[in-house]
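Colleague: The structure that follows is given in the form of C-alpha cells.
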Amino acid sequence: MTTIRLDPDRLLDRVEGLADLLVDTVDGGASVGFLAPLDRAAAVAWWKERAGGVAAGQLAVWAAHDGDRVVGTVSLDFPDKPNSRHRAELVKLMVHRDARGQGLGRRLLVTAEEAAAAAGVSLLHLDTETDSPAEHLYHTAGWTRAGVIPDYAANPAGHLRPTTLYYKHLAAG
C-alpha cells in the first residue's frame, strides 16, 4: 500500500474512490458525520467540496492506495485564526472494512502527526465516538483523553451517542 498527500487535482482525480471509501465507512457503522445509507452521489459531492480547502491550505488530505483502489484516508484541518495556528484537528481517519486489521489506521495516523509536526503544529485534537474501535487506536497511539460530551452526534443509524475528545502534543518542526 502507498499513501500520498493529495493536492486539489489529485483529490478530484480520486474523488470516486474516496466516495466509495466514505460510503463503506458509513455503511460499516463508523460515526464520521453522515447517516446511513449514504448516497454515493452525496459522498462524491462532499469530497469535491474539500478541494477548495486543500487549495487554500486549510485542509491536508492523504489517501492510502492498494493498487488503484483507495483503502484509507486521513485529513488535517488547519484553523485560520492567528491565535490557533499552532494546532490542527485530525479529521476523517477512515479505513475500508476489508483493509482493517493490517495497521493502516495507525500508519495514516502517524503520517498526519509527522506532517503536522513538520508544518510547525505543536497540538493536535480530534473527536471520536465513545467506545468505538477508533477510540482504542487513539488511546494506544499516545493521545490524551480530554473528556466526553454526551449525545454529541448521531451515529449512522441516527442514534445520539457520546463523543470523546482527544489531544496530542507534538514536537513541532
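Bear in mind that the values in this text are calculations on the coordinates, not laboratory data. Keep in mind that this is a model prediction, so the values were computed, not measured. Note: ideal-geometry Cβ built from the backbone for every residue, glycine included; neighbour counts use all protein chains shown.
Colleague: Would you please name the trypsin sites (Lys or Arg not before Pro) within region 79-163 that are DSSP coil residues with at most 14 other C-beta atoms within 10 Å of their C-beta?
Modeller: Working: sites: 85, 87, 92, 97, 100, 106, 107, 145; in loops: 85, 100.
Qualifying residues, ordered by number: 85, 100.
Colleague: Mean-square fluctuation check for the chain, GNM, Cα pairs under 10 Å: which of 36, 56, 112 is largest?
Modeller: In this elastic network of the chain, the residue with the biggest mean-square fluctuation among 36, 56, 112 is 56.
Colleague: Which entry in (1) 1.02; (2) 1.10; (3) 0.94 matches Rg/Rh (Cα atoms, Kirkwood Rh) derived from the coordinates of this structure?
Modeller: Structure-derived value, by its label: (3).
Colleague: Rank these for me by crowding, 38, 126, 137, going from fewest to most other beta carbons within 10 Å. Write down the numbers at each step before the final one.
Modeller: On the way: 38 20, 126 23, 137 17.
In increasing order of surrounding Cβ atoms, one gets 137, 38, 126.
Colleague: Would you grab the residues whose amide H sits under 5 Å from the one on residue 170? Only those 5+ places off in sequence or on another chain, please, with H modelled 1.01 Å from N.
Modeller: Correct list: 123, 124.
Colleague: Between 146, 115, 60, where does the largest GNM mean-square fluctuation fall for the chain, given springs only between Cα atoms within less than 10 Å?
Modeller: Checking each option, the largest mean-square fluctuation is seen for 146.
Colleague: So what's the net charge close to residue 99: Lys and Arg +1, Asp and Glu -1, counting the other residues with Cβ under 13 Å from its Cβ? Display every interim value, and only then the final one.
Modeller: On the way: positive: 69, 97, 100, 106, 107; negative: 20, 24, 66, 98.
The answer is +1.
Colleague: Full-extension gain between residue 123 and residue 27, please, as 0.36 nm times their residue separation minus the C-alpha to C-alpha distance.
Modeller: Numbers: separation 96, 0.36 × 96 = 34.56 nm, distance 3.13 nm.
Between residue 123 and residue 27, full extension yields 31.4 nm more.
Colleague: May I pose another question? Calculate for the chain the 222 nm mean residue ellipticity that helices alone would give, adding -39,500 (n - 2.57) per DSSP H run of length 4 or more and normalising by residue count, nearest 500 deg cm²/dmol. Please list the in-between numbers first.
Modeller: Working: 5 runs with 59 residues, N = 173.
So the helix-based figure for the chain works out to -10500 deg cm²/dmol.
Colleague: Please rank 129, 49, 16, 135, fewest neighbouring Cβ atoms within 10 Å first, as an exposure proxy. Each step should come with its number before you reach the end.
Modeller: Details: 129 20, 49 9, 16 14, 135 17.
Ordered by Cβ neighbours within 10 Å, fewest first: 49, 16, 135, 129.
Colleague: Rounded, prolate or oblate for region 75-173? Axes are the square roots of the Cα gyration tensor eigenvalues, ordered a ≥ b ≥ c, and the cut-off for rounded is a/c under 1.5.
Modeller: On the way: a/c = 1.96, a/b = 1.30, b/c = 1.50.
Oblate, because a/c is 1.5 or more while a/b does not exceed b/c.
Colleague: Please report, in debye to the nearest 20, how large the charge dipole of the chain is about its Cα centre when each Lys and Arg carries +1 at its beta carbon and each Asp and Glu carries -1 there. List each step's numbers first, then the result.
Modeller: Numbers: 18 positive and 22 negative charges, 85 e Å.
Taking the Cα centre of the chain as origin, the dipole is about 400 debye.
Colleague: Provide 75, 132 in ascending order of the number of other Cβ atoms located within 10 Å of each residue's Cβ, fewest first.
Modeller: Values: 75 22, 132 17.
Least to most surrounded, the residues fall as 132, 75.
Colleague: Another question about this same structure. Roughly how many Å is it from the Cα centre of region 146-173 to that of region 40-81, as a whole number?
Modeller: Centre-to-centre distance over Cα atoms comes out at 20 Å.
Colleague: With the crude spin-label approximation of a point 7 Å out along Cα→Cβ, what separation in nm comes out for residue 10 versus residue 55?
Modeller: 1.8
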